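Written below as structure tokens is the structure these notes are about.
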Amino acid sequence: MYTFNPGPSAVYPAVRQYLTDAFDEGWLSAPHRSEKVTSLVRQAVTDLKTKLNVPQDFTVLFTSSATECWEILAQSLTPRKSFHLYNGDFGEKWLKYAQALRPASTGVRFGLDELPDIAALPFSGEDTDLVCITQNETSTATQLREGFILNLYNRLGSALLAVDATSSLGGLNLKYIKADIWFASVQKCFGLPAGLGVLILSPRAVAQARTVNDRAHYNALPAMLSQILNFQTNYTPNVLGIYLLSRVLAEREPIKTVHQHLADRAQKLYDFFEQATPLQPLISNTEARSTTVVGLKGDAGTVEEIKRKALEAGLHLGNGYGSLKATTIRIANFPAVPDAAFEALVKFFAKEFPG
Ligand SMILES: *Cc1c(COP(=O)(O)O)cnc(C)c1O
């Protein structure tokens with residue numbers, strides 16, 4: 001059985017061995033302030049920066065999820081309000097989390113095939129603390145490209161740029177230097193079980209967290225930042241998750257190689273589905289299409305039939321999300337999904353739905 005579900009997604013087969021090793025090597029009851037665990041955390045941070053090309057002067061923090069990152073950013077980096085640009089369910093949820101804590105926060109929704117006009121975005125760097133975007137919107141299978149993020153970064157004023165990269169971080173070669181805050185959880189492009197989030201801060205974001213000086217939450221940034229200086233956390237962290245992350249990173253090829261592989265695979269898939277299949281790419285603008293989550297659309301009956309037949313053939317396709325649930329299919333193009341799975345997928349369509 002192959003799963004193409006975009007989260008929780010396929011885990012690396014090697015995770016089975018890593019779990020046994022974690023047990024045998026005593027990680028499951030290792031005290032989190034011990035040298036054993038702090039050196040593991042140090043190693044995980046070093047490998048993450050090296051393998052993913054994160055600048056050395058950026059800070060890596062561990063959280064429990066991407067959702068928790070939304071809340072941390074509202075609490076610790078948003079004394080006034082944030083501005084959110086979104087086109088799908090995750091971006092919209094982020095806005096709602098922000099508004100629950102900072103009611104003055106606003107957002108603008110853009111179309112699925114649209115590349116938003118940056119000059120026209122209704123925010124001012126004067127009174128906005130955070131500009132928030134979802135680099136890869138998992139629910140709509142869209143992506144904001146590097147050039148877009150760069151142009152947005154250049155019109156921030158004194159605001160910080162925060163990027164939800166939950167379904168691309170670890171898969172794409174992101175230009176970390178062109179934003180202040182990046183975050184993800186490990187059940188997408190890291191090929192790991194859920195329960196760990198990664199939050200990456202630029203020096204500018206760290207300085208801002210010190211200025212805001214939130215002390216009211218257990219995961220307030222100033223406390224997290226002082227603990228991580230010693231590779232520790234305020235609370236007992238997910239040591240197993242960090243251990244698994246360090247094992248996966250140690251085996252990983254450099255991000256440029258991973259990125260190229262995913263880009264080639266995505267291109268092949270889009271080309272295949274543009275030809276004679278009962279499904280079409282959900283996003284027609286090639287500049288707006290996601291590399292890591294391929295969205296396909298069809299009428300509800302066909303989508304239903306394809307999902308059912310695929311499951312019988314050992315292929316678990318991802319459901320559409322939110323309002324797109326009945327008429328779309330999502331295919332995770334994550335590093336842990338093997339090439340063999342995509343070959344099986346193409347064969348399945350060629351056999352069951354010849355054009
Ligand atoms: C999956 C996902 C989230 C939520 O991740 P959790 O680990 O469940 O908090 C947030 N944003 C995006 C873009 C996602 O794909």
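The values are calculated or read from the model by the stated rules, or taken from the named source; none is laboratory data. Note that this is a predicted model, so its numbers are computed, not measured. Positions of Cβ are backbone-derived with ideal geometry, glycine not excepted, and every protein chain shown enters the neighbour counts. For accessibility, only protein heavy atoms count, side chains too; no ligands or nucleic acids. Shrake-Rupley method; radii C 1.70, N 1.55, O 1.52, S 1.80 Å.
Here are the numbers for this structure:
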quantity	calculated
For ASP164: the one exception among (1) in contact (Cβ under 8 Å) with a residue 60 or more places away in the chain; (2) open to solvent by 10 Å² or more (accessible area, probe 1.4 Å)	(2)
Residue match in region 283-306 (condition: part of a helix (DSSP H, G or I) and under 19 Å from ALA263 (Cα atoms))	no
Only listed residue being away from the ligand (no atom under 16 Å from the Cβ) and either within 21 Å of SER139 (Cβ to Cβ) or without any contact (Cβ under 8 Å) to a residue 40 or more places away in the chain (or both), chosen from ASP47, ASP24, ASP57	ASP24
Long-range neighbours under 8 Å by Cβ, at least six apart or interchain, first residue closer than 29 Å to LEU115 by Cβ within region 64-91, second within 10 Å of the ligand (Cβ to nearest atom) and at pLDDT below 95	GLY88/TYR321; ASP89/TYR321
Neighbours by Cβ (under 7 Å, 6+ apart or cross-chain): first from region 336-351, without any contact (Cβ under 8 Å) to a residue 60 or more places away in the chain; second open to solvent by 10 Å² or more (accessible area, probe 1.4 Å) and hydrophobic (A, V, I, L, M, F, W, C)	PHE348/ALA313
Boolean, THR292 is at pLDDT 95 or above and in contact with a Cys (Cβ under 7 Å, 6 or more places away or on another chain)	yes
Single match in LEU311, LEU269, LEU245, LEU345 (criterion: in a helix (DSSP H, G or I), open to solvent by 50 Å² or more (accessible area, probe 1.4 Å), at pLDDT 95 or above and among the aliphatic types (A, V, I, L, M))	LEU311
